[in-house]
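So the structure is just underneath, and the comments pick up after that.
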């Protein structure tokens, strides 16, 4: 069946590209961070970072197009992967350059949905750390040169990002520009969602462990009950044999009598 073959090819492609894309995501993180953390770096280094960013974005775009080509129902694939499409299309608009970070976060989320429970928690935990890092870098890039901004260093940005994701919000640092506040809203919503997923998966893992322990305990209890019943049945049989042996009349043992002789 053509549809089944295409679906199988799509799954194989996603599995084959998982490690390379995650590696490129790390490269993207470094390339995105260097110009913000070290804005006075050499021009060649900034150029290398820009090329690396666009290379990673291009790889994500190729990955999306290949998956689209392998999908049995193209329109269904587009409708079911809207964020992947936005991550590929929106960064082409220069004012929306910061949205390239969505590609990395979406990659982690998409791969996490294919992973087992423990691996899922690991991926989502990595997404939380990545979101915090990208949020810190993005707000520092926007707010550092703002006239009335109070987020001037990377430490300020990381602290603000952490308090925002956990919805604590001390208020000692806050964005003052429009784009910075948009980033804050996105960080709040994404942070709540990701932290909720981590908490739910950890709770589910503990519950599954307890359920396995309860099942093992029930199995051992049933085995002990079966052994107890068997021992009881054996005792009853031994008691019955003992009673039967005590009430029987023993047969005398001696020489056989000689037959009488008639005279």
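Every read-out reported here was derived from the displayed coordinates using simple, explicitly stated rules and does not represent laboratory data. Treat the numbers as computed from the prediction; the structure is a model and nothing was measured. As a convention, Cβ positions derive from the backbone with ideal geometry for all residues, glycine included, and neighbour counts pool all protein chains shown.
Condition first: touching a helix residue (DSSP H, G or I) at 6+ places or on another chain (Cβ under 6 Å) and touching a residue at least 12 places away in the same chain (Cβ under 8 Å). Now tell me which residues in the range 155-170 satisfy that. The answer is 157, 158, 161, 164, 165. Looking only at the range 171-191, how many residues end up being surrounded by 13 or more Cβ atoms within 10 Å (Cβ to Cβ), free of Cβ contacts under 8 Å to residues at least 60 places away in the same chain and farther than 13 Å from residue 146 by Cβ? Adding up the residues that qualify gives 5. Can you say whether residue 13 is free of Cβ contacts under 8 Å to residues at least 60 places away in the same chain, surrounded by 11 or more Cβ atoms within 10 Å (Cβ to Cβ) and within 25 Å of residue 138 (Cβ to Cβ), as far as the supplied structure shows? No. Within the range 127-170, the residues that satisfy the criterion of being closer than 20 Å to residue 22 by Cα and buried (at least 16 other Cβ atoms within 10 Å of the Cβ) are 127, 128, 130, 131, 132, 133, 134, 135, 137.
Evaluation of residue 128 against the conditions (1) part of a helix (DSSP H, G or I); (2) farther than 27 Å from residue 197 by Cα shows that the sole unmet condition is (2).
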